[in-house]
Amino acid sequence: MNPSNHSRERQPKPLKVLFADDEAPLQELIADELPRMGCVVTVCPDGPAAVAAIEKQSFDCLIVDLDMPGFNGIQVIERAKDLSPFIEAIVLTGKSSKESAIAALRLGAFDYLQKPCTLVELQTRLRRIAEKRDLQKKLLALERRIQRAEGQRTMLGNHPSMEQVRHLIRKVAPTDATVLVTGETGTGKELVARAIHDQSLRCDKPFLAINCGALPESLIESELFGHRKGAFTGAEENRAGLFEVADGGTLFLDEIGELPIAVQSRLLRVLETGEVRRVGDNHPFQVDVRIVCATHRNLAQMVSRDRFREDLLYRINTFQIAIPPLRERQQDIPLIAESLVARFANRVLPTHEPKFTQAALDALLAYPWPGNVRELANVIEHAAILCEELPIDRQHLPSNVAAPTAGSYSPSHSRPMTLRELENIAIWEALDRHKGNKAAAAEELGISIKTLYNKINQESAARRAA
């Protein structure tokens, strides 16, 4: 293949833009200038012509004047959104029509420009729309690849508490209500968020997830809201944030209790107004994003300790879904374990083939599962690797599950202990007291769960090296 042809094929497709305005000089200017910006443009002199064009072909973007004969800009946008929900709209308005422009934003317009506007301003908006379109396409392609690799992800379990979770999901999914999912670490809070999205009217739009405790405070604002080039050291180009990329879809904020107070204030502003402002930018823009939050923490207690904003708690706690820990629905363990065997065995298993010996099942049922379904998945993967053929026996399970013992960490006291050893004793004793619940242990120790995981991993690495 010719390299030059290959590079042309890899270039992003140009934006297809419909421009509608009754001013002839402006029509001529746009017809000349937008192709130079890399767009394919169709120019219409009024609202009816714009609607007719929309009904004949698809567009990525509309640029419409609010005050046009026949149909005004808002009516054109409404018709366009009916035919193509993915289409983006920029409205042009005079100073006296600012309220109408805000009404258009509430209908889902991407942004508005006040006349007379510059070509640079228009090009900036079009570039943001192109960035958003390309990111959405990449995201959808990635989600399809993940789904093909992992298969359909469902919440398994026949326990009444799980039936209640599924009932609540069915009730809230078709609405736009903000949802707070609570439960211990590893219970499947992201699965609930995905189920809400999949059963909502936004199911064909992006679903994005972010762990609020996994990023340093210096990066979390940029990740959520985006930034402009030069906003801070290392910001070498404009970047769209997750709110912008998820526009029209669902944004899952996992471990929202870890969000810094300063970022909580900005998040509250977005939830109340729908306006997002990139870091380093003075001009906000409108987004339409459904928010699902999750936490393992008691947010009401955090409010009393001034670690979480009370007004933000009220805003995100419109509808709450609590996921039960695995130890409270013991009858579901065999069903979940068998489904995980099929995934990790990388093959379709005959339904009559036994997956576990009775000894292995007894061990799984006796274990308290402090890490919940996530820990169960890790255990089954471990067993599937060791087991050359089914059924999985007790000997294939990790030692702590096959024969759990309390107080497994006991360093020698025959010599003075180092600071690291004292720290490890405190960590393992806290884990024992809380039956392996890392979130509760971290809370007692006064450290973040991320710090606790780091210390456990460091100790495990030190033992392996020894």
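Here are the numbers for this structure:
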item	result
Qualifying aspartates and glutamates (Cα of each under 20 Å from Cα of Lys355; at least 8 residues distant if same chain)	Glu150, Asp332, Glu338, Glu375, Glu381, Glu388, Glu389, Asp393
Inter-label distance for Cys117 and Ala426, nm, one decimal - labels placed 7 Å from Cα along Cα-to-Cβ	5.7
Inter-label distance, nm, simple model (7 Å from Cα along the C-beta direction), Arg433/Gln27	7.8
In nm, spacing of pseudo-spin labels at Gln458 and Asn282 (7 Å Cα→C-beta vector)	4.6
Under-16-angstrom lysine pairs by C-alpha in region 12-132, whenever the two are 8 or more apart or on separate chains	7
Range of Cα positions in region 232-318 per principal axis (Å), largest first	40, 30, 20
Angstrom value of the Kirkwood radius, inverse mean 1/r, which spans all Cα pairs in region 155-322	16.5
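Rule-based calculations on the coordinates, nothing more; no lab input. Model, not experiment: these values are computed from the prediction. All Cβ positions, glycine included, derive from the backbone under ideal geometry; neighbour counts span all protein chains shown.
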